[in-house]
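Chemist: Below you will find the structure I want to go over with you.
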Amino acid sequence: MIPAERRLQEVRFCIAAACARARRAPSEVTLVAVTKTVPPERIAELVRAGHRQLGENRVQEALEKIDILGPGLEWHLVGHLQRNKVRAAVGRFTLIHSVDGPELARELDRRAAVAGVVQPVLVQANLAEETTKHGAGEPAVVPLAEEIASLEHLELRGLMIIPPPSHDPEEARPWFRRLAELRETASRRVGRALPDLSMGMTDDFEVAIEEGATLVRVGRALFGERR
């Protein structure tokens, strides 16, 4: 098994190379290590190698790992958030990437108000309108961003996308580029900058960085194939 530190170095090298091609600073890109199905002892290896930003797909799995691995880490919810899990999620994640509709946004705002916190979130876009994926279709992205920006207990940070699967990373580029354009439109509509674009995974994160990603969600390149 390849040591976690070596895998982390390899991914960071690829991030730096992509940033160089795009004339960006590597500090502009946050690597979120996606730990879905990865046992806590393997995640701990990555933490010991100096990594602190972790992502989970499911609330319950995340909360179990948060309790085991302890403080000092930043946890991102990168998978679909069911409304019945909102209460458990609010205040536990540095960033929720997957707000895909106004009902979920309002429930998050309500639960955040009860908890006395402001929850940072992203709008998840489904620009290809794939029926197997969650996310707002293109016409709904900016209106959803406007609604979230109006809610007192949510902090809208930007947009997120999972493009259609492909063996060629270049096929994801138009989706990433379009998301970046939508962020600019949403920024103008809400009257302030939206700093984050969450886009790019193991197979296409370098292309995503070239198109402006500030958060890349990488699992397999760091932990190997999932069982």
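Readers should treat all values here as calculations from the given coordinates under stated rules, not as data from a laboratory. A quick note: this is a predicted structure, and the numbers were derived from the prediction, not measured. Cβ atoms come from the backbone with ideal geometry, glycine included; neighbour counts cover every protein chain shown.
Chemist: What are the trypsin sites (Lys or Arg not before Pro) within the range 166-206 that DSSP puts in a loop, where the Cβ has at most 16 other Cβ atoms within 10 Å?
Modeler: Loop-located and lightly packed - ARG192.
Chemist: Between GLU28 and GLU103, 0.36 nm times their residue separation minus their Cα-Cα distance comes to what?
Modeler: 23.8 nm
Chemist: Any idea what the relative contact order of the chain is, in percent, if you count C-alpha pairs under 8 Å spaced at least 6 apart?
Modeler: Dividing the mean separation by the residue count of the chain yields 20 percent.
Chemist: When the expected Rg is taken as 2.2 N^0.38 Å, what fraction or multiple of it is the alpha-carbon Rg of the range 93-227?
Modeler: Computed over Cα atoms of the range 93-227, the ratio equals 1.05.
Chemist: Could you check the spin-label model distance between ARG12 and GLU146? Points 7 Å from the Cα along Cα→Cβ, value in nm.
Modeler: Taking the two extended label points, one gets 4.3 nm.
Chemist: Limiting things to C-alpha atoms, what are the Rg and the maximum Cα-Cα separation (Dmax) for the range 136-188, in angstroms?
Modeler: Gyration radius and largest Cα-Cα distance of the range 136-188: 12.8, 42 Å.
Chemist: Span-like helices, the chain: DSSP H, alpha-carbon axial extent 24 Å or more, mean Kyte-Doolittle 0.0 or greater, which ones?
Modeler: 4-22
Chemist: What is the spin-label model distance, in nm, from GLN60 to SER166 if the labels are put 7 Å beyond Cα along the C-beta direction?
Modeler: 3.6 nm
Chemist: May I pose another question? Kindly provide the Kirkwood hydrodynamic radius of the chain in Å, to one decimal, from all pairs of distinct alpha carbon atoms.
Modeler: Over the chain, the inverse of the mean reciprocal pair distance is 17.7 Å.
Chemist: If R0 is 22 Å, what FRET efficiency do you get for ASN84 and GLN53 from their C-beta distance, rounded to 0.05?
Modeler: The formula returns an efficiency of 0.25 here.
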